[in-house]
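Taken together, the values in this text are just the output of simple stated rules run on the coordinates, not laboratory data. Because the structure is a prediction, the values reported are computed rather than measured. Virtual Cβ from ideal backbone geometry, glycine too; neighbours counted across all protein chains shown.
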């Protein structure tokens with residue numbers, strides 16, 4: 001299929017990002033098949049693709065809503081009106097709260113994930129000002145220790161705050177399994193460890209009359225073991241729709257499940273055992289991945305023995321010393337990026353190879369939404 005990708009896109013100047021629709025739709029179907037098996041709702045996280053076109057595909061496939069990382073992304077996705085939106089990130093600051101309250105007046109449901117009364121106080125104030133209600137998902141720390149609480153009493157306190165304050169509504173719990181990948185994401189004991197802390201928290205909420213309507217979790221590596229954590233009924237997953245080298249390297253997908261490629265051209269081969277490509281950190285991002293005790297910055301599908309070792313802004317160094325027939329100047333290569341979310345955010349557009357085999361230029365609608 002790689003030769004076909006390069007052939008279809010041969011007139012597009014490199015570097016550029018290409019996504020195969022058939023792989024994309026297969027990934028969407030796989031997520032829903034798993035969710036349906038375990039009676040989960042699907043709420044895709046658009047931080048990965050940032051595209052209204054792909055978000056529409058996900059909603060049309062049965063997703064009940066969308067998750068976003070930032071308020072700006074929520075405002076872009078509101079273009080799909082009406083849509084159920086969850087800001088899966090503590091939106092701190094009066095300006096963000098004001099924008100979310102205004103958005104809530106336009107949309108059916110707006111939710112925000114929080115772990116402090118401070119954030120809820122700002123949200124409540126703006127919601128009342130705009131005569132609306134913002135749903136609250138209290139963040140439970142499942143083990144990453146980034147955001148969230150473990151103590152049942154603290155979780156109940158925050159849930160009560162949401163229930164008691166005008167402008168807010170307690171909708172449930174959000175958790176994230178970002179610490180689980182590789183063997184840990186396949187080990188049932190990893191999920192039992194989460195249950196050890198989550199079960200008492202859930203019981204405390206129920207005993208306080210605050211049974212969470214939504215218990216949402218995310219993370220691509222552990223997706224297909226999500227059901228091992230009790231009471232979850234909502235999956236909020238991002239990377240799995242496209243997949244990337246990180247997911248591939250830890251055997252959480254096959255290469256045919258990777259929907260996105262950066263296509264680059266060899267611009268120099270004068271140094272023996274080395275080529276230079278026209279995709280640098282501005283095209284691939286500078287994210288690194290350790291493979292066989294060596295750092296790599298992308299996976300070249302046509303040359304699996306090659307290794308991208310270094311990136312400047314516009315150039316990539318590739319070690320081809322282990323390739324029997326290394327590529328020459330002018331050759332095009334397709335690269336699976338280490339982190340597809342970072343990579344997509346570098347582009348104004350991507351090229352969609354449709355199921356019918358045509359090439360369609362699509363905007364990265366929510367690119368650069370940092371606020």
- [ ] With everything on Cα atoms, drop me the angle between helix 117-129 and the longest principal axis of the chain, reported from 0 to 90° to the nearest 10.
- [x] 80 degrees
Task: In nm, spacing of pseudo-spin labels at residue 254 and residue 268 (7 Å Cα→C-beta vector) - done: 4.0 nm
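Given 0.36 nm per residue, what is the gain on full extension from residue 81 to residue 164 after removing their alpha carbon distance, in nm? Show your work: numbers first, answer last.
On the way: separation 83, 0.36 × 83 = 29.88 nm, distance 2.93 nm.
Difference between extended and current length: 27.0 nm.
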Task: Bins of 10 Å from zero: percent of alpha-carbon pairs in the chain - done: 5, 23, 30, 23, 13, 5, 1, 0
TODO: Sticking with the crude label model, points 7 Å out along Cα→Cβ, report the distance from residue 95 to residue 233 in nm, one decimal please.
DONE: 3.8 nm
- [ ] Multiply the residue gap between residue 348 and residue 331 by 0.36 nm, knock off their C-alpha separation, and tell me the result in nm, one decimal place.
- [x] 3.7 nm
Open item on the list: If I take R0 = 41 Å and measure r between the Cβ atoms of residue 116 and residue 22 in this structure, what FRET efficiency does the formula 1/(1 + (r/R0)^6) give, to the nearest 0.05?
Closed with: 0.40
Open item on the list: Compute the helix-to-body angle for 94-106: its Cα long axis versus the longest principal axis of the chain, expressed 0 to 90° and rounded to tens.
Closed with: 80 degrees
TODO: May I ask for the percentage of alpha-carbon pairs in region 26-139 that lie more than 20 Å from each other?
DONE: 40 percent
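So what is the relative contact order of the chain, in percent, for Cα pairs below 8 Å that sit 6 or more residues apart?
Details: 809 pairs, mean separation 75.7, N = 371.
Reported as a whole number, the value is 20 percent.
At a Förster radius of 41 Å, what calculated FRET efficiency corresponds to the Cβ-Cβ distance of residue 211 and residue 53, to the nearest 0.05?
Numbers: r = 37 Å, r/R0 = 0.91.
Computed FRET efficiency for residue 211 and residue 53 comes out at 0.65.
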Open item on the list: Cut-off 10 angstrom, C-alpha nodes, Gaussian network model of the chain. Which of 284, 85, 359 fluctuates the most?
Closed with: 359
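How would 32, 227, 252 line up from fewest to most surrounding beta-carbon atoms within 10 angstrom?
Fewest-to-most ranking of 32, 227, 252: 227, 32, 252.
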Open item on the list: What do you get for the angle between helix 188-207 and the principal long axis of the chain? Use alpha-carbon atoms, 0 to 90 degrees, nearest ten.
Closed with: 30 degrees
Task: Sites residue 153 and residue 192, calculated FRET efficiency, Cβ-Cβ separation with R0 22 Å, nearest 0.05 - done: 0.45
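Can you compute the helix-only [θ] at 222 nm over the chain? Use -39500 (n - 2.57) per DSSP H run of at least 4 residues, normalise by all residues, nearest 500 deg cm²/dmol. Show your work: numbers first, answer last.
On the way: 11 runs with 113 residues, N = 371.
-9000 deg cm²/dmol, from helical runs alone.
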- [ ] Would you mind ranking 3, 249 so that the residue whose beta carbon has the fewest other beta carbons within 10 Å leads the list?
- [x] 3, 249
TODO: Report the residue, chosen from 181, 299, 118, that carries the largest GNM mean-square fluctuation when the chain is represented by alpha-carbon nodes joined by springs under 10 Å.
DONE: 118
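What per residue convex hull volume, in Å³, comes out for region 45-237 when only alpha-carbon positions are used? Working shown, then result.
Values: hull volume 20.0 nm³, N = 193.
Residue-normalised Cα hull volume stands at 104 Å³.
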Task: Considering only the chain, percent of DSSP beta bridges that pair antiparallel, nearest 5 - done: 45 percent
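Give me 11, 86 ranked fewest to most by other Cβ atoms within 10 Å of their Cβ, as a rough exposure proxy. Walk me through the numbers before you get to the answer.
On the way: 11 6, 86 25.
Least crowded to most crowded, the residues run 11, 86.
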